[in-house]
Amino acid sequence: MKRTTSAAELLLQLDRHSGVPLRLQLERELRRSVRSGRLVSGSPLPSTRALAADLGLSRGVVVEAYEQLLAEGYFVARHGSATRVAARRTHADSVAAPEPPIPVPRFDLRPGLPDLSLFPRRAWMLSTRCALAAAPNAAFDYPDVRGAEPARVALTAYLNRARATIARPDRVILCNGSAQGIGLVCRVLRERGVRAVAVEDPGHADQCTDIRATGLRTRRIAVDARGLRVDRLARTDVGAVLVTPAHQYPTGAVLAPERRAALLDWAERTRGLIIEDDYDAEYRYDREPVGALQGLAPDRVVYVGTASKVLSPALRLGWLVVPSDFVDPVAQAKLHADRGSPALAQLAFADFLDRGELDRHLRRTRAVYRSRRDTLVAALQAQFGVLPIQGVAAGLHLVIELEPDLDEETVVAAAARRSVRVYGARAYRANPRQGPAALLIGYGGISESDMPEGVRQLALAIAECRTSQPTGVASARADA
Ligand SMILES: Cc1ncc(COP(=O)(O)O)c(C=O)c1O
C-alpha cells in the first residue's frame, strides 16, 4: 500500500500569533507546497484526521482547507481513496496565478496592538525635524551601542518618574524592540553558565522561542489570578525568571504584593535575575499604576520596556535598565548583534519625551482605551449576559472564557468567517489542552462604534459552534 505523506514531511508552518486564521495559513502552505513541487503530482495526502492531529488543529479546519484546494484544482479526490495532489501545473501556471489576498477583517479584535491610527504623527514629525536640526555632525557617526545619550537621559527621567524605577543613563541600553533586549540578556546569562530561565504559563510563546534560541532552556511556571506562582520557582534549576508583574500577559493578572515580595526574596537568596517585562503598564484604568519591581531591587532586576504598546511596534524601540554588572556584557552582545540601533530615531524619541509628548499622548490614549474597554465590556454583557471576564483593569485586551463544550479553534475560525479576528488562549499555554478554552479580545484595533456589531458577530460565531446546550456562561443573545 502506498504510504501517505506525513505533516512533518510536508514542512507546514503555522504561526498561531500572526492573526491570520489557521485555515487560511494551512491553505497557503499547502498551495505553496504544490507550486514549489515539494508535493509531487499524484502523491497521496495525509488524512484530514491525521494532519489535524499532527498540527494540533481541529479536523474541521483541515477539512475546509482540503475542500478549498480541491475547488482550486490543486488536489483531486476519488471516492474510496486518499486525496491526492492533482496533475502538475506548469511553471507558467504557477507564476500567473497570484496568491489570493488574505482578507482584512472588518472587526479586528486581536490583542497586543495599540490603535495604529492614533500614532501622534505631527508630534513625531516635529520631534524628528527638531532632532535632526539640532544633531551635531558626530550624531551621524556609528552610534554608541547603548543608544544615543540624549535618549538614555530622557528615558531615565521618564521611567524614574512614571514607573518608579531606579535608572541611570549609563545603565540604559536601547534595543530593536524589547524582544531583542530580552535576547541579549539571555545571551549574557548563558555565557555566565545559566542553563534555564523560568517563564510564565500561560505566557508569550515567541519570547519562549527567542529564549531557547540563545541556548537556554525554559521552565514554565503556572500563573493564577494573583500572577506567577512564585512558590514554584524554588523547585526549579533556573538562574532567571521572565515575568510581567504589572499586567500578566495574556491573563491580565497583577502580581500580588506578597508574591512581589517573595519574588524579590527568591532573587536575593539564589542570586537569581528577574527580567521584568513592563510592556504596557502605562495603560491602567481603574487603579493607580503598579510601580516597577526594578525600583525595589535594581541590582537583581533587568527592567524591559518598549514603545510598541504606547506608540507603535513599527518603531522597534525597546529599552533595558540593567544591573551594573550587566552593562558591559549586554552592550557587547548588542555590538555583536547589530552595532547599535538607529540613532536618529532615538534622538527624535528623546525630543518627544523632553517635550512631554509621550505624557500628552498617554493621557489622550488612556481615555480612548478606557472608554473602548467600557463599551466592549458592555457589548459582551449585552450578548452573553453575566460572563467571566479577566484582565479588564489594564492593557489593551481582555480575556473571556468559553463554555467547556466549545472548541477554541473552531470558534476562532467561525469568527474569521464573519470577519472578526480574535485569538484563542491555547497557543499561550505550555500544554494547549490544559485550562479552559478562552478568547483574547483586543480593543486596540477596533473603533468604539464598531464594537457592538463586532461583538454581535462574535456571539453569532460562538452560537454556530455550540454543539450542545449552552451552559449559560456564553449564551449569545444575538439574532442572525
Ligand atoms: C508580553 C509582551 N512583551 C513585550 C512585547 C513587545 O515586544 P517588542 O518591544 O519587541 O515589540 C509584546 C508585544 O506583543 C508582548 O506581548
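The values are calculated or read from the model by the stated rules, or taken from the named source; none is laboratory data. Keep in mind that what you see is a predicted model, and the values were worked out from it rather than measured. Here the Cβ positions follow ideal geometry from the backbone for every residue, glycine too, while neighbour counts run over all protein chains shown.
Give me the residue from region 188-207 that is within 16 Å of the ligand (Cβ to nearest atom) and not in a strand (DSSP E or B) and, out of that set, nearest to G112 (Cα to Cα).
Only one residue tops the list, namely H204.
Might you check whether a residue that is within 20 Å of D224 (Cβ to Cβ) and of a type outside the set (A, V, I, L, M) occurs anywhere in region 294-315? Taking every residue of region 294-315 in turn, none turns out to be within 20 Å of D224 (Cβ to Cβ) and of a type outside the set (A, V, I, L, M).
Are any residues in region 252-281 modelled with pLDDT of 95 or more and β-branched (V, I, T), and if so, which ones?
T270, I274, I275
Would a scan of region 328-339 turn up a residue that is at pLDDT 95 or above, within 16 Å of the ligand (Cβ to nearest atom), outside any helix (DSSP H, G or I) and surrounded by 22 or more Cβ atoms within 10 Å (Cβ to Cβ)? No, region 328-339 has no match at all. Can you tell me which residue in region 149-167 is surrounded by the fewest Cβ atoms within 10 Å (Cβ to Cβ), limited to those that are hydrophobic (A, V, I, L, M, F, W, C) and under 16 Å from P323 (Cβ atoms)? For region 149-167, the residue satisfying everything is I166. Among residues of region 216-239 being surrounded by fewer than 13 Cβ atoms within 10 Å (Cβ to Cβ) and part of a loop (DSSP other than H, G, I, E, B), the one that is nearest to the chain's Cα centre (by Cα) is A225. Residue check: L255 meets all listed conditions (1) part of a loop (DSSP other than H, G, I, E, B); (2) surrounded by fewer than 20 Cβ atoms within 10 Å (Cβ to Cβ); (3) free of Cβ contacts under 8 Å to residues at least 40 places away in the same chain but one, namely (2). Considering L358, L406, the condition of being at negative phi, touching a Cys at 6+ places or on another chain (Cβ under 9 Å) and crowded, with 16+ Cβ neighbours inside 10 Å is satisfied by L406 alone.
The combined condition, being part of a helix (DSSP H, G or I), of a type in the set (G, A, S) and surrounded by 17 or more Cβ atoms within 10 Å (Cβ to Cβ), is fulfilled by A179. Summed over region 261-316, the residues that are within 16 Å of the ligand (Cβ to nearest atom), of a type in the set (K, R) and crowded, with 19+ Cβ neighbours inside 10 Å give a count of 1. Any chance region 413-421 includes a residue that's among the hydrophobic types (A, V, I, L, M, F, W, C) and assigned to a loop (DSSP other than H, G, I, E, B)? Checked region 413-421: no residue is among the hydrophobic types (A, V, I, L, M, F, W, C) and assigned to a loop (DSSP other than H, G, I, E, B).
Determine, yes or no, whether V386 is surrounded by 17 or more Cβ atoms within 10 Å (Cβ to Cβ) and β-branched (V, I, T). No; evaluated as a whole, the condition is false for this residue.
Restricting L380, L396 to residues that are at pLDDT 95 or above, within 15 Å of G252 (Cα to Cα) and crowded, with 17+ Cβ neighbours inside 10 Å narrows the list to L396.
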